[in-house]
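Below: the structure, in structure tokens.
The values are calculated or read from the model by the stated rules, or taken from the named source; none is laboratory data. What you are looking at is a predicted structure, and each value in this text was computed from that prediction instead of being measured. Cβ atoms come from the backbone with ideal geometry, glycine included; neighbour counts cover every protein chain shown. We work out accessible area using only protein heavy atoms, side chains counted, and drop any ligands, DNA or RNA first. Shrake-Rupley method; radii C 1.70, N 1.55, O 1.52, S 1.80 Å.
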Amino acid sequence: RRRMDYLQAQGMTGYFGNTFYNLVYDLVSHEGLDPDHPAAEGRVGQCGMAVYSREDNARLFDGLPLDRMNVVHISYYENLPVLAHYLAYARRRGVPWDKLGGNSMSWYYQSAYVGMTCFPPKAGMDLAAELIAFCTKRMPRWNTLNLFGYGMEEAGATAVQEVAFTAAAGIDYARACVAKGLDPDVFLGRFGFQISQANDFFEEICKIRALRRIWARKCHELGARDPRSMHVRIHTHTSGAVLTAQQPLNNLIRTTLHAFGAALAGVQAMEVSTFDEALAIPTEHSATMALRIQQILQEESGLTRVADPLGGSYYVEALTRQIEEAALAIYDEVEKRGGYHKCHDYVRAQIEASALRWRDQVDANDRILVGVNKYVSDEMQDVEVFKVNPESERTAVERVRELRARRDHAKWESAMAEVHRATERFKAGEVGGLIPAMVEASDADATTGELMAVLKQHLGWAPPH
């Protein structure tokens with residue numbers, strides 16, 4: 001919360017200048033655990049914030065205007081419990097759910113290329129559709145699916161693969177929503193894209209232009225007719241994978257070029273990786289520098305005065321067509337295999353192969369990384385590195401144990417029994433009942449780990465194949 005307040009004071013905004021918080025959950029939450037679980041030891045607060053309950057939401061958001069801000073909950077497979085905690089907290093604050101703005105990521109499809117334990121692909125897709133159905137009816141300002149091409153490219157995908165697999169995942173999930181009776185022109189407008197912007201300046205711009213064409217066409221084929229349903233609303237995140245621990249201040253130059261390219265491509269919002277990304281969670285100083293890159297581009301460069309300023313360039317138009325054609329070929333292969341959720345093994349094999357090629361090129365000096373395999377220096381750049389407070393884990397464990405000790409056990413037990421029943425009904429095809437049951441459980445002080453345990457029990461939970 002202190003970091004949130006600090007960045008707001010530095011002028012951080014999101015879409016269209018609104019108050020905005022991009023909140024990453026920690027590794028423990030991503031695994032669907034509580035901080036006192038044996039497997040959580042040493043991972044509490046790593047790579048994100050230690051938030052596991054409605055009470056933790058109060059610590060994070062008390063005093064903030066929930067109805068006048070956007071909150072992005074960057075959760076992996078714990079999306080439903082995370083949203084339930086936020087909704088239970090908002091209700092206690094007296095804020096109607098239809099006034100809440102923000103994002104749920106619904107990244108279940110990333111189990112194809114991220115080697116974490118996960119729900120089975122079909123179960124993950126159904127959970128995403130459940131959230132979309134609920135929010136479409138109850139939370140019209142909420143963005144319900146984040147198509148995370150960024151994570152694909154960070155895992156090793158090429159720009160072409162990022163476009164193809166992102167579009168394929170989005171359309172597969174959209175079909176699941178249509179199968180539940182949802183109208184494409186009602187739900188597609190709340191889908192958003194998170195796309196990477198990496199080192200190949202023109203390729204990264206042209207892939208976004210190609211993605212717009214492919215997505216519009218495929219949404220139309222799905223049945224969408226409102227032009228807004230076919231828009232690619234893009235939050236770009238400048239690449240962290242291409243940033244280096246060697247000579248880390250060079251990363252300021254890389255991220256400036258990434259952000260410049262994203263602005264030329266016409267994205268709606270961006271987050272710039274910090275120069276210490278390869279070393280740790282950002283410090284206040286490095287986060288401020290990343291924010292200043294965006295502010296200088298926005299306020300001083302004039303980039304925002306025109307849409308698609310590179311349109312009409314022979315090279316840009318030709319490269320856009322090449323990427324579009326190559327991405328469509330991969331997309332069609334995914335469709336032939338039954339859709340994205342049925343071919344995780346194919347997606348993983350393709351991304352792993354391209355990651356290996358990239359690594360081999362760096363090792364052979366066929367791909368240059370300044371400070372890594374060319375212009376190498378023995379001089380060490382002394383930069384401050386963020387360290388997770390070792391007391392954070394102890395505090396998180398104490399909080400969750402105190403919560404369990406003082407909650408109304410009968411109320412909690414009754415609410416959790418209903419979550420079990422709602423999950424069984426969800427498996428049988430019921431739409432829209434799972435999140436309300438989880439909200440009631442959160443209000444009875446159920447934790448993320450407890451709610452996730454129910455989903456794991458009924459839906460399955462294992463390492464990816």
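Numbers below:
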read-out: Exclusive hit being farther than 28 Å from Val419 by Cα and charged (D, E, K, R), set Glu154, Glu130; value: Glu154
read-out: Test: residue in region 377-389 that is modelled with pLDDT under 95, of a type in the set (Val, Ile, Thr), open to solvent by less than 90 Å² (accessible area, probe 1.4 Å) and out of contact with any Gly (no Cβ under 7 Å at 6 or more places or on another chain); value: yes
read-out: Residue match in region 304-316 (condition: of a type in the set (Val, Ile, Thr), closer than 30 Å to Ala167 by Cα and part of a helix (DSSP H, G or I)); value: yes
read-out: Criterion (within 23 Å of Asn70 (Cβ to Cβ), in contact with a strand residue (DSSP E or B) (Cβ under 7 Å, 6 or more places away or on another chain), modelled with pLDDT of 95 or more and surrounded by 18 or more Cβ atoms within 10 Å (Cβ to Cβ)) met by exactly one of Ser239, Ser196; value: Ser196
read-out: In region 1-36, the residues that are open to solvent by 30 Å² or more (accessible area, probe 1.4 Å), under 20 Å from Phe61 (Cα atoms) and of a type in the set (Asp, Glu); value: Asp5
read-out: Helices (runs of 4 or more DSSP H) within region 1-112 that include 3 or more residues free of Cβ contacts under 8 Å to residues at least 40 places away in the same chain and within 30 Å of Val385 (Cβ to Cβ); value: 2-9
read-out: Subset of region 72-130 that is within 18 Å of the chain's Cα centre (by Cα) and of a type in the set (Phe, Trp, Tyr) - its residue that is farthest from Tyr52 (Cα to Cα); value: Tyr113
read-out: Hits in region 73-101 - residues which are of a type outside the set (Ser, Thr, Tyr), open to solvent by 10 Å² or more (accessible area, probe 1.4 Å) and under 22 Å from Ala128 (Cβ atoms); value: Ile74, Trp97, Asp98
read-out: Positions within region 399-413 being within 30 Å of Ala280 (Cα to Cα) and open to solvent by less than 80 Å² (accessible area, probe 1.4 Å), in sequence order; value: Val400
read-out: Failed item in (1) in a helix (DSSP H, G or I); (2) surrounded by 15 or more Cβ atoms within 10 Å (Cβ to Cβ); (3) within 24 Å of the chain's Cα centre (by Cα); (4) aliphatic (A, V, I, L, M), with Ala353 passing the rest; value: (2)
read-out: Failed item, numbered, when Val362 is tested on (1) closer than 24 Å to Ile253 by Cα; (2) free of Cβ contacts under 8 Å to residues at least 60 places away in the same chain; (3) open to solvent by 30 Å² or more (accessible area, probe 1.4 Å); (4) out of contact with any Phe, Trp or Tyr (no Cβ under 9 Å at 6 or more places or on another chain); value: (3)
read-out: Residue list for region 264-274, restricted to those being polar (S, T, N, Q) and either in contact with a strand residue (DSSP E or B) (Cβ under 6 Å, 6 or more places away or on another chain) or open to solvent by 60 Å² or more (accessible area, probe 1.4 Å) (or both); value: Gln268, Ser273
read-out: Top-ranked residue in region 444-465 [being outside any helix (DSSP H, G or I) and open to solvent by 10 Å² or more (accessible area, probe 1.4 Å); ranked as nearest to Arg54 (Cα to Cα)]; value: Asp445
read-out: Phe260 vs. criteria aromatic (Phe, Trp, Tyr) and under 22 Å from Gly302 (Cβ atoms); value: yes
read-out: Residue within region 326-339 that is closer than 24 Å to Leu257 by Cβ, out of contact with any strand residue (DSSP E or B) (no Cβ under 8 Å at 6 or more places or on another chain) and surrounded by 14 or more Cβ atoms within 10 Å (Cβ to Cβ) present; value: yes
read-out: Unique residue being buried (at least 21 other Cβ atoms within 10 Å of the Cβ) and among the small types (Gly, Ala, Ser) when the list is Gly312, Gly261; value: Gly261
read-out: Sole exception among (1) surrounded by 15 or more Cβ atoms within 10 Å (Cβ to Cβ); (2) within 23 Å of Tyr108 (Cα to Cα) for Ala39, by number; value: (1)
read-out: Condition broken by Ala441, with the remaining ones in (1) under 17 Å from Phe119 (Cα atoms); (2) open to solvent by less than 20 Å² (accessible area, probe 1.4 Å); (3) in contact (Cβ under 8 Å) with a residue 60 or more places away in the chain satisfied; value: (1)
read-out: Residues of region 415-452 satisfying the condition of being closer than 25 Å to Ala123 by Cα and among the small types (Gly, Ala, Ser); value: Ala415, Ala417, Ala422, Ala428, Gly429, Gly432, Gly433, Ala437, Ala441, Ser442, Ala446, Gly449
read-out: Residues within region 199-232 that are buried (at least 19 other Cβ atoms within 10 Å of the Cβ), of a type outside the set (Val, Ile, Thr) and either in contact (Cβ under 8 Å) with a residue 40 or more places away in the chain or part of a loop (DSSP other than H, G, I, E, B) (or both), tallied; value: 12
read-out: Condition met for Met416 (open to solvent by less than 10 Å² (accessible area, probe 1.4 Å), in a helix (DSSP H, G or I) and either under 24 Å from Ala39 (Cα atoms) or among the charged types (D, E, K, R) (or both)); value: no
read-out: Residue that is more than 24 Å from Ala164 (Cα to Cα), in contact (Cβ under 8 Å) with a residue 24 or more places away in the chain and surrounded by fewer than 18 Cβ atoms within 10 Å (Cβ to Cβ), where the choices are Glu284, Glu277; value: Glu284
